[in-house]
Every structure is written in C-alpha cells, then in structure tokens.
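Q: One structure, pasted below without further comment.
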Amino acid sequence: MSYAAFLDSKTHAGADFGFPDVVVPDCAFDFQRDLIEWSARKGRAAIFADCGLGKTIMELAWADNVVRHTGGNVLILTCVAVAAQMVEEAEKFGIGARRSNDGTVHRGITITNYEKLHLFNPADFAGVVCDESSILKNFAGARKAEITQFLRKRPYRLLATATAAPNDYIELGTSSEALGHLGYMDMLNRFFKNDLNNSASGRMRGAVIKWRLKGHAELPFWRWVCSWARAVRRPSDLGFADDRFVLPPLIEREHVVDARSAPEGSLFALPAIGLAEQREERRRTLEERCEKAAEIANGTTEPVILWCHLNDEADRLEQLIPDAVQVSGNDSDEAKEDRLLGFARGKYRVLVTKPKIGAWGLNYQHCNRVIYFPSHSFEQYYQSIRRCWRFGQQRPVEVDIIAGEGEIGILSNLQRKAEQADAMFAALVREMNAAQSIERNEVGNAMRLPDWLGVAA
C-alpha cells in the first residue's frame with residue numbers, strides 16, 4: 001500500500017453506493033437537479049433543504065431513478081396527510097407513485113405514513129425515502145429505532161428534512177446511523193468529547209452529558225458530514241441564483257394577555273418557574289388567550305391557522321370561531337387528512353390543531369395569517385410557521401404569538417433557540433461548503449508527495 005493510499009484509508013467519508021446515470025424531470029430547477037444527481041450517485045444520502053425548496057420533487061426523482069436502476073421498488077415514508085399530497089405532486093411531475101395504507105406494495109414507488117411502517121417488509125424494497133427525517137433525531141426513541149432497523153439492509157436510502165439538527169450537531173449522528181455510515185455512538189467517540197472523558201450518552205445520575213467537537217476533529221467532522229449530506233437554505237448556498245426563491249417579509253407580533261385572576265396565593269402574576277408552573281399558567285390563562293386568538297381570527301375573512309398544545313385550548317377555539325375546524329389526536333387518519341388537506345384546498349377557512357399533528361410537510365402557501373400559542377420547542381414553532389412562510393408564498397406572513405403574563409420566560413427561551421438555530425444552520429452550510437471546496441481543490445490539484453513516500457510498502 002502506498003503512503004497516499006494509507007492516508008486515504010484513514011479518512012472518514014461516506015462511500016458512493018449509487019449510480020451515475022440519472023433521469024431528472026424537466027421541471028426541476030438547476031439546484032434541484034444538482035442535488036438529485038448527487039444523491040443518486042451517493043446512493044445513501046441526506047438532503048437538508050429548507051422548507052419550500054422542493055424536497056418532494058427531489059425525493060420522487062431519486063426514488064424513480066432507483067426503480068429504473070434496480071428494477072425494484074421504493075418506499076417513501078412521510079407524515080399524516082402528506083402522502084396524499086405527494087401522490088398528487090408525483091402525477092404533476094410525471095412520476096408513477098401510489099399510496100398504501102395496508103402494507104400493499106405497489107410496483108415502483110409506494111408512499112405511506114410513518115405510522116404504517118410496521119405493515120411493510122423491508123425485503124420488498126430496494127430503496128427507502130424518509131421525508132421529514134428529523135423524526136430520527138431522538139437517539140433513544142422507539143420510532144427512530146424502528147425506522148433505523150427497517151433501513152438497515154436497504155441498498156439505497158435517502159433522508160430529507162429542513163431541520164436536520166434543530167438543537168445540536170450531535171443529532172446528525174442518528175441520520176448517519178440510519179444511512180449506514182457511522183453509528184451514533186461511533187460518531188460521538190470519533191469526533192466529540194465530553195467532560196467525563198468517557199463514552200457516556202444521555203444522562204448519568206441525573207446530569208445531562210454535554211458533548212463538544214474535539215479541537216483537531218472539527219474539519220474532519222465537517223468533511224465527513226458533507227460526504228453523505230448536503231445542507232441548503234437557498235439555492236445560492238450551492239452556487240445557484242436565488243431569483244425565484246426570495247421570501248416575502250415575516251411579521252411576528254407578541255401578545256401578552258392579562259389574566260383575570262391571580263395565581264392561588266399571589267396578589268399578581270409572576271413569571272412561571274419550571275414546567276409544572278408553566279403548565280399551570282397555561283391552564284390558568286386559557287380563556288384569555290383563546291379569546292385574544294378568536295378576536296384576531298374573527299377579525300379577518302382570510303384563511304387562518306391556529307397552533308395550540310392543549311385539547312381544551314383547541315376545543316375552546318373551535319367554539320369561539322364559528323367557521324373553524326379542529327384536527328385532534330383522537331381523529332382517525334382519514335378525518336385528519338380530510339381536514340388538513342381541506343384547509344389547503346380552501347374547504348375550511350380556519351384550521352385549529354397542534355404542531356405535533358400538522359406542522360410537518362404540508363403546503364399552506366394560500367394562508368398568510370398564523371396564530372401560535374408558544375412552547376419551548378423551537379422546531380415545532382419553526383415548522384408551524386413554515387407551513388405558510390415558504391417559497392411560493394406571495395404575501396407577507398403575519399404571526400401572532402399569544403402568551404400569558406407568566407409565560408414571558410417561554411417567549412425569551414423561544415427567541416434564544418431561534419437565534420441559536422439560525423446560527424447553527426448557517427454554520428452547517430458554511431462549514432459543509434468549505435469542506436466541499438477543499439475536496440474540489442484536492443480533486444483538481446492532486447496532492448504531490450515525495451518519491452520516497454510513494455513507494456509501496
């Protein structure tokens with residue numbers, strides 16, 4: 001082995017498992033074509049593209065090429081109601097795809113919800129696409145384990161999401177593991193360290209274990225990530241023009257409502273401390289917050305979507321807003337789909353639901369009015385707003401955030417997380433582009449070694 005080959009063997013990089021000959025729909029934009037060709041060549045890849053950049057056409061085109069190349073089948077996993085929307089998109093793009101809710105495998109591309117995964121046999125598929133793959137972020141979650149196990153021996157795999165690592169870079173490890181690259185713990189031990197200098201993960205004796213990149217491992221880490229993933233907030237991140245992908249303004253307004261009664265044992269409201277007090281504050285101000293939300297929703301004839309977190313909030317909003325329809329967790333999948341898609345098609349003017357039910361994957365560009373009851377989850381807030389504030393939206397999007405007096409801390413925490421997430425994704429794009437630039441330079445300018453290092457061992 002030459003010394004150059006020895007050095008190359010020590011480099012951590014996702015190998016190419018795919019194929020070079022790719023068919024791309026004529027309607028795809030230039031940056032979409034680039035990502036489709038790259039992900040097909042990789043075979044096992046992740047596309048971290050912001051909302052509205054066309055992940056659907058990229059996923060469908062990738063799946064179509066796997067079908068063409070292997071002669072086998074591809075399964076696309078997505079969220080409730082998004083499957084029907086994706087079938088419609090496939091027809092528009094001229095790609096054959098059918099939906100299945102009972103485990104039936106259709107020739108070519110089958111689309112189903114994550115909740116139906118247990119009905120399918122992985123051996124029936126040459127490839128799998130995970131839409132909104134941030135569902136994998138919880139390294140100890142049961143759903144993450146189920147999906148990772150299903151993907152384990154599939155030759156071709158694609159992950160796609162706008163929020164790859166909403167809280168921490170180490171969440172990228174669950175995506176790597178699902179794709180068959182480094183496992184989550186292998187990634188941590190190779191590129192990160194913790195204050196205990198061991199391989200502990202999660203919690204130890206009630207303390208959260210904090211991981212951080214090793215100083216010497218930062219560049220190798222990003223080069224490894226970009227060997228199997230691409231991150232893009234706008235086409236210019238990949239060197240293409242942003243002409244058709246400029247978002248209208250986002251207008252965020254905070255409303256802090258005064259409760260009609262003080263907390264038990266207090267003369268006036270104080271900031272809620274801890275989750276228990278915050279939950280109590282949320283329930284104590286339920287009526288006032290719902291009345292304010294209804295005032296805003298009833299004050300316009302435009303479509304409005306309201307995001308809440310409690311069943312009692314949703315029920316009260318439905319009562320206060322005459323033309324509102326609610327989507328709840330107790331509804332059947334069919335009922336959820338009818339109402340979520342009905343709102344998109346103009347069947348309903350006002351939609352009331354929870355972020356965990358409808359904040360992923362759906363396109364609501366027809367709506368530019370959003371009312372939100374805040375929580376500590378930035379990912380839920382981001383995805384909820386992005387249903388409307390996405391590429392294709394023609395009007396400024398107005399977001400009214402409604403909280404009680406004691407929830408000021410939640411608003412501050414949400415703002416902090418928003419700034420942190422924006423900085424993190426910017427760094428993700430910057431570091432990956434820098435690593436890709438280094439790779440391109442090395443390919444174009446082969447490294448020259450002294451003659452004595454090129455002698456085979």
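Q: Any residue at all in region 101-110 that is buried (at least 17 other Cβ atoms within 10 Å of the Cβ), in contact with a strand residue (DSSP E or B) (Cβ under 6 Å, 6 or more places away or on another chain) and either farther than 20 Å from residue 71 by Cα or not aromatic (Phe, Trp, Tyr) (or both)?
A: Within region 101-110, one or more residues are buried (at least 17 other Cβ atoms within 10 Å of the Cβ), in contact with a strand residue (DSSP E or B) (Cβ under 6 Å, 6 or more places away or on another chain) and either farther than 20 Å from residue 71 by Cα or not aromatic (Phe, Trp, Tyr) (or both).
Q: A further question follows. For region 56-89, give me each residue that is in a helix (DSSP H, G or I), among the small types (Gly, Ala, Ser) and surrounded by fewer than 23 Cβ atoms within 10 Å (Cβ to Cβ).
A: Selection gives 84 alone.
Q: Something else now. Evaluate the following for residue 8: is it among the acidic types (Asp, Glu), over 19 Å from residue 360 (Cβ atoms), at pLDDT below 95 and in a loop (DSSP other than H, G, I, E, B)? Spell out the reasoning first.
A: On the way: among the acidic types (Asp, Glu): yes; over 19 Å from residue 360 (Cβ atoms): yes; at pLDDT below 95: yes; in a loop (DSSP other than H, G, I, E, B): no.
So residue 8 fails the test.
Q: Conditions first: (1) modelled with pLDDT of 95 or more; (2) within 25 Å of residue 153 (Cβ to Cβ); (3) within 19 Å of the chain's Cα centre (by Cα). Residue 98 passes all but one, so which condition is the exception?
A: For residue 98, the exception is condition (3).
Residue by residue, here is whether (1) more than 15 Å from residue 296 (Cβ to Cβ); (2) touching a residue at least 40 places away in the same chain (Cβ under 8 Å); (3) of a type in the set (S, T, N, Q) holds:
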site: 314; (1), (2), (3): yes, yes, no
site: 317; (1), (2), (3): no, no, no
site: 327; (1), (2), (3): yes, no, no
site: 335; (1), (2), (3): yes, no, no
site: 338; (1), (2), (3): yes, no, no
site: 341; (1), (2), (3): yes, yes, no
site: 350; (1), (2), (3): no, yes, no
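Q: Which of the residues belonging to region 125-144 are buried (at least 21 other Cβ atoms within 10 Å of the Cβ), in a loop (DSSP other than H, G, I, E, B) and touching a Pro at 6+ places or on another chain (Cβ under 9 Å)?
A: Matches in region 125-144: 137 only.
Q: Considering each residue of region 376-392, count those that are part of a loop (DSSP other than H, G, I, E, B) and farther than 21 Å from residue 84 by Cα, and give that number.
A: As a first pass, look at region 376-392 and keep what is part of a loop (DSSP other than H, G, I, E, B): 376-377, 387-392.
Checking the rest, the ones that are also farther than 21 Å from residue 84 by Cα come to 376-377, 389.
Count: 3.
Q: Can I ask one more? Restricted to region 155-169, and to residues that are modelled with pLDDT of 95 or more and farther than 18 Å from residue 383 by Cβ, which residue is surrounded by the fewest Cβ atoms within 10 Å (Cβ to Cβ)?
A: Filtering first and then ranking leaves 155.
Q: Considering (1) modelled with pLDDT of 95 or more; (2) farther than 26 Å from residue 143 by Cβ, say which one residue 20 fails and leave the rest.
A: Here residue 20 clears every test but (1).
Q: Sticking with this structure for a sec: Is there a residue in region 323-337 that is within 19 Å of residue 83 (Cα to Cα), surrounded by fewer than 21 Cβ atoms within 10 Å (Cβ to Cβ), among the small types (Gly, Ala, Ser) and touching a Phe, Trp or Tyr at 6+ places or on another chain (Cβ under 8 Å)?
A: Scanning region 323-337 turns up no residue that is within 19 Å of residue 83 (Cα to Cα), surrounded by fewer than 21 Cβ atoms within 10 Å (Cβ to Cβ), among the small types (Gly, Ala, Ser) and touching a Phe, Trp or Tyr at 6+ places or on another chain (Cβ under 8 Å).
Q: Would you check which residues across region 89-117 are in contact (Cβ under 8 Å) with a residue 40 or more places away in the chain and among the aromatic types (Phe, Trp, Tyr) and list them?
A: 93
Q: Return the residues of region 170-193 that are surrounded by fewer than 21 Cβ atoms within 10 Å (Cβ to Cβ), touching a residue at least 40 places away in the same chain (Cβ under 8 Å) and outside any loop (DSSP other than H, G, I, E, B); say none if nothing qualifies.
A: Within region 170-193, 170, 190 meet the criteria.
Q: Within the bounds of region 112-124, is there any residue that is assigned by TED's automatic domain parsing to the domain that holds residue 230, at pLDDT 95 or above and crowded, with 24+ Cβ neighbours inside 10 Å?
A: No, the conditions are met nowhere in region 112-124.
Q: So which of 379, 419 is exposed (fewer than 15 other Cβ atoms within 10 Å of the Cβ), closer than 24 Å to residue 250 by Cβ and not hydroxyl-bearing (Ser, Thr, Tyr)? Can you show your working first?
A: Details: 379 fails: exposed (fewer than 15 other Cβ atoms within 10 Å of the Cβ).
Exactly one residue qualifies, and that residue is 419.
Q: Ok, one more. Of everything in region 58-81 that's among the aliphatic types (A, V, I, L, M) and in contact with a Leu (Cβ under 6 Å, 6 or more places away or on another chain), which residue is nearest to residue 113 (Cα to Cα)? It would help to see each step written out before you state the result.
A: Within region 58-81, the subset among the aliphatic types (A, V, I, L, M) is 58, 60-61, 63, 66-67, 74-77, 80-81.
In the following step, the residues that additionally are in contact with a Leu (Cβ under 6 Å, 6 or more places away or on another chain) were identified as 58, 81.
Numbers: 58: 18, 81: 8 Å.
Per the stated criteria, the residue is 81.
Q: Moving on. What about residue 147, is it at pLDDT below 85, within 20 Å of the chain's Cα centre (by Cα) and in a helix (DSSP H, G or I)? Please lay out each step first, then the result.
A: Values: at pLDDT below 85: no; within 20 Å of the chain's Cα centre (by Cα): yes; in a helix (DSSP H, G or I): yes.
In short, no.
Matching residues to (1) within 26 Å of residue 164 (Cβ to Cβ); (2) exposed (fewer than 14 other Cβ atoms within 10 Å of the Cβ); (3) at pLDDT below 85:
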| position | (1), (2), (3) |
| --- | --- |
| 202 | yes, yes, yes |
| 211 | yes, no, yes |
| 228 | yes, no, no |
| 233 | yes, no, no |
| 241 | yes, yes, no |
| 244 | yes, yes, yes |
| 255 | no, no, no |
| 265 | no, yes, yes |
| 273 | no, yes, yes |
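Q: Only residues that are under 21 Å from residue 70 (Cβ atoms) and touching a residue at least 40 places away in the same chain (Cβ under 8 Å): list them for region 119-135, please.
A: First, the residues of region 119-135 that are under 21 Å from residue 70 (Cβ atoms): 120-131.
Result: 120, 124, 125, 126, 127, 128, 129, 130, 131.
The values are calculated or read from the model by the stated rules, or taken from the named source; none is laboratory data. Computed from a predicted model, the values in this text were never measured in an experiment. Virtual Cβ from ideal backbone geometry, glycine too; neighbours counted across all protein chains shown.
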